[in-house]
Amino acid sequence: MAHLGSARRRALAIPVGLALTASLALLPSVSASAAPLAGSADAATASKAATTGPKLSYVANLNAYATVKAAKKAVERAGGTVVTAYEQIGVVVAHSQNPDFAKQLRAQRGLFVSVGATRTAPMSAVQTTEEGATQRLSEADAAKAAAQAQEGQEPLEPNQWDLRTIKADEAHKINDGSRNVTVGIIDTGVDDTHPDLAPNFSKGQSANCVGGVADTTEGAWRPYADGSDHGTHVAGTIGAPRNGVGISGVAPGVKIAAIKVSEPGTSLFYTEAVVCGFMFAAEKGIEVTNNSYYVDPWLFNCKSDDDQKALVEAIGRATKYAERKGTLHVASAGNSNQDLAAASLEDTTSPNDTTAVTRTIDPKVCLDLPTQLPGVVTVSATGDKGLRSYYSSYGLGVVDVAAPGGDKWQVPATPDANGRVLSTVPGGYGYKQGTSMAAPHVAGVAALLKSAHPSATPSQLQAMLKAQSTKAACPAQIYDATGALINATTCQAKWGQTGYYGHGVVDALKAVK
């Protein structure tokens, strides 16, 4: 997740109910760059602001009656530079080296609800939720799968136990999904030159949002040369076409788009980039977003902290705006094997961009973003045997649905006998496991639902995902990280749900019927 790949625990979290008044939609526009004008009073004031601190990025959330113009002037007076402003949701992104920048803006309660730094480390010129490193598909395993492929199957489909688990293979005989539906992959970038992704890739709905401003130049959405294969793997699971090449996605007939939000070098997912991603998806008419990460640098964002409170508010405003524009958000629950419904949890990894400090948090108050935000579909991971994956976080009333994320201890009867999820990676194919791999299965099913019900709202799609899921009771045992079977004492059941699987495992066949 914002730690993409290996250790990024969960997917995203943050329950934030942000009801903005209509006046926010009428806020005046602001230019993307807003340095003080030479000789102006604001410039003179800004020049007196301290610049002795590290250069940090901030989000400033306006109150319902403030204007962007007034907020911009306040930012400049405090020694900041406006990077961009989202007048639709009243969020301003700014940079400053003034150590008291946030404090000075917070004092202006007539303008700002909350202001916070998006990072704890100085800006320099990522992570996610998969568990362990990528395993490349060998030529021998590829040949073995192709030899066992039946008529109508993709060459590597015999190894895709995950498709059969949610009946996607049967669904494809009825409906592959509509070209009028796009799934936006907010992630580390997607290799749109991959032959098993190119046919369904939508360049016009893709961008690089790193830094907080969308860059739509050709190829900006691709992974960095030394970057992660995470987003490309997610993309294949969602929308690899049935074209006689490689694998099939859950929704092989829909379009896929890439919205890159991970920093170069670190693959960290900072708030300004994620807000940009949700806003870009909303304005480009993307119907579903997949979010297999958590927002850095805090695994959990506590609203008792001024900085973290502002991050929750900004991202919550962006997700809600996109929902109002018709976008459903799907997110991974994380790989920490934690109960997100517990009374308290220990966080030993935050902040992850400087020095982490161990803290005990209440997950009902300190949110995993964007996983715990209202309206976001939270997904736990299962393996081939239908058991919760050993690494997957869970939580009664927090997890909405479950889907195949892979589990190396739950070995399927496939040609490769590999319990991880096979999908596209730059230059070929590879196996990954994690809640990062579970979320795109749900995003794919949601895309099939949207294809079958074009007028369905995000809340209606979420209701259908839950209602059509295959119920799963608490198991007697599950595998632990060592491969040993242990009693599943942490699974709770109530309201027709379980903490491990939520309402159940998603069903692609019901989605197209």
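The values are calculated or read from the model by the stated rules, or taken from the named source; none is laboratory data. The structure presented is a predicted model; accordingly, all values stated were derived computationally and were not measured. No Cβ is skipped: glycine too gets one built from the backbone with ideal geometry, and neighbour counts run over all protein chains shown. What goes into the accessible areas is simple: the full protein's heavy atoms, side chains included, and nothing from ligands, DNA or RNA. Shrake-Rupley method; radii C 1.70, N 1.55, O 1.52, S 1.80 Å.
FRET efficiency for the residue 198 to residue 139 pair, using the beta carbon distance and R₀ = 22 Å, is estimated at 0.50. Under the convention that each Lys and Arg Cβ holds +1 and each Asp and Glu Cβ holds -1, the size of the dipole of region 105-234 around its Cα centre is about 840 debye.
Here residue 144 is the anchor, and the aspartates and glutamates within straight C-alpha reach of less than 12 Å, apart from those fewer than 8 places off in the same chain, are 157, 416.
Estimate the FRET efficiency between residue 453 and residue 174 by the formula 1/(1 + (r/R0)^6), using the beta-carbon distance for r and 22 Å for R0, to the nearest 0.05. So the FRET efficiency works out to roughly 0.95. The smallest convex shape that holds all Cα atoms of region 124-211, its convex hull, gives 172 Å³ per residue.
Taking the DSSP bridge list for the chain and keeping only pairs wholly inside it, about 60 percent are antiparallel. When the pairs 55/320; 325/494; 284/309; 203/432; 72/325 are compared against a 31 Å limit on Cα-Cα distance, 325/494 fall above it.
Under a model in which nothing but the beta-carbon of Lys, Arg (+1) and Asp, Glu (-1) is charged, region 128-187 shows a dipole of about 140 debye around its Cα centre. Taking region 128-275 as the region of interest, what is the percent of Cα-Cα pairs per 10 angstrom bin, listed from the shortest bin to the one with the maximum distance? All Cα pairs considered, the percentages come to 12, 38, 33, 15, 2. Net charge dipole, region 386-513: roughly 240 debye, given to the nearest 20, about the Cα centre with Cβ charges of +1 for Lys and Arg and -1 for Asp and Glu. Cα centroid distance between region 319-334 and region 455-513, in Å? Using only Cα atoms, the two centres lie 20 Å from each other. Would region 178-241 count as rounded, prolate or oblate if I go by the C-alpha gyration tensor, calling it rounded below 1.5 in a/c and otherwise prolate when a/b exceeds b/c, oblate otherwise? Since a/c reaches 1.5 but b/c is at least a/b, the shape of region 178-241 is classed as oblate.
For residue 173, a cut-off of 20 angstrom between C-alpha atoms picks up these lysines, skipping any fewer than 8 places away in its own chain: 255, 450, 510, 513. Using a/c under 1.5 as the rounded threshold, could you call region 265-416 rounded, prolate or oblate? The axes a ≥ b ≥ c are square roots of the C-alpha gyration tensor eigenvalues, and prolate needs a/b larger than b/c, oblate otherwise. Taking the square roots of the gyration eigenvalues as a ≥ b ≥ c, region 265-416 is oblate. Can you give me the Kirkwood hydrodynamic radius for the chain, using every pair of distinct Cα atoms, in Å to one decimal? 22.5 Å is the Kirkwood radius here.
Suppose R0 equals 30 Å. What FRET efficiency, 1/(1 + (r/R0)^6) with r the Cβ-Cβ distance, do residue 65 and residue 123 give to the nearest 0.05? So, using R0 = 30 Å, E works out to roughly 0.45.
Each residue was assigned an accessible area with a 1.4 Å probe, and for residue 279 the value is about 10 Å².
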